[in-house]
Each structure stands twice: as C-alpha cells, then as structure tokens.
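Notes to accompany the following structure.
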Amino acid sequence: MSLDIKKIQRAAANYSGNTSVQTGFPSPATHYREPVIDLNKELTSSQDATFYVRVKGDEWKNFNILNQDILVIDRTLKPTYNTLVLVIIGGDFDIKRFAKDSGKIELWGVITYIIHKAV
C-alpha cells in the first residue's frame with residue numbers, strides 16, 4: 001500500500017497550451033472556441049488546502065478506488081457520516097468511511113473526488 005501526496009500547483013498565468021499557428025483561410029468555427037477548463041477551479045474549493053494523492057495498489061477496491069487513481073483531498077472540509085476520508089493510523093495513511101465512533105484516528109482530509117484512468 002502506498003500513497004503519493006503532492007500539493008496541487010497552479011499553471012503559469014501565461015500558459016497557452018498547444019495552440020496551432022493559423023495558415024491559409026480562417027476556419028468558420030473559430031468563434032465557437034470553448035473556454036479552457038481549469039480543473040483547480042472545478043475540483044477544489046480551497047486551493048491552499050487541497051492536495052492530490054496517487055493510489056498504488058488495490059487495497060481500497062471496496063471503495064471503488066483502484067491502482068493509479070488520483071484522490072482529491074480537501075483539508076478544510078468537515079467530514080459527515082459515511083464520507084470517505086484520508087486518515088493517519090499508527091503513522092500510516094489509510095482510507096476510511098467516516099463515522100462518529102471511529103476511535104482514535106487522526107483525520108488528514110476529506111476525499112472530494114476520485115479520478116479513474118479511462119484507458
């Protein structure tokens with residue numbers, strides 16, 4: 001069992017992605033361009049207290065958390081009954097369902113999203 005915990009970092013403000021250079025006649029669909037999706041905006045409510053964790057192993061299959069999934073963890077949220085949380089037990093990270101009678105655990109954060117690899 002292994003979890004890699006890293007801080008989410010904002011992309012550089014001037015990052016334009018992979019854009020092509022216009023050659024020839026302009027495309028009639030140019031004005032239909034969709035805005036860029038910022039996953040930090042979409043998946044986090046507090047960027048300074050949000051972390052992502054890459055899961056290694058299939059120990060949490062019963063929570064539908066698979067090997068190489070990415071968990072989005074928010075440390076500002078208060079857990080409610082039955083939410084998935086990242087806890088520290090005996091110095092190791094673990095994933096549990098929150099219950100008021102969970103015993104002596106150190107809550108590290110609330111799991112807000114589980115990102116699965118599609119391929």
(message) Looking at the range 32-46 only, could you name the residues that are part of a loop (DSSP other than H, G, I, E, B) and modelled with pLDDT under 80?
(response) 33, 34
(message) If I filter the range 54-67 for residues that are within 18 Å of residue 115 (Cβ to Cβ), in a loop (DSSP other than H, G, I, E, B) and aliphatic (A, V, I, L, M), do I get at least one hit?
(response) yes
(request) Report yes if some residue within the range 78-92 is in a loop (DSSP other than H, G, I, E, B) and surrounded by 11 or more Cβ atoms within 10 Å (Cβ to Cβ); otherwise report no. (result) yes
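The values are calculated or read from the model by the stated rules, or taken from the named source; none is laboratory data. Small disclaimer: the values here were computed from a predicted structure and weren't measured. Here the Cβ is made from the backbone with ideal geometry for all residues, glycine too, and neighbour counts use every protein chain on show.
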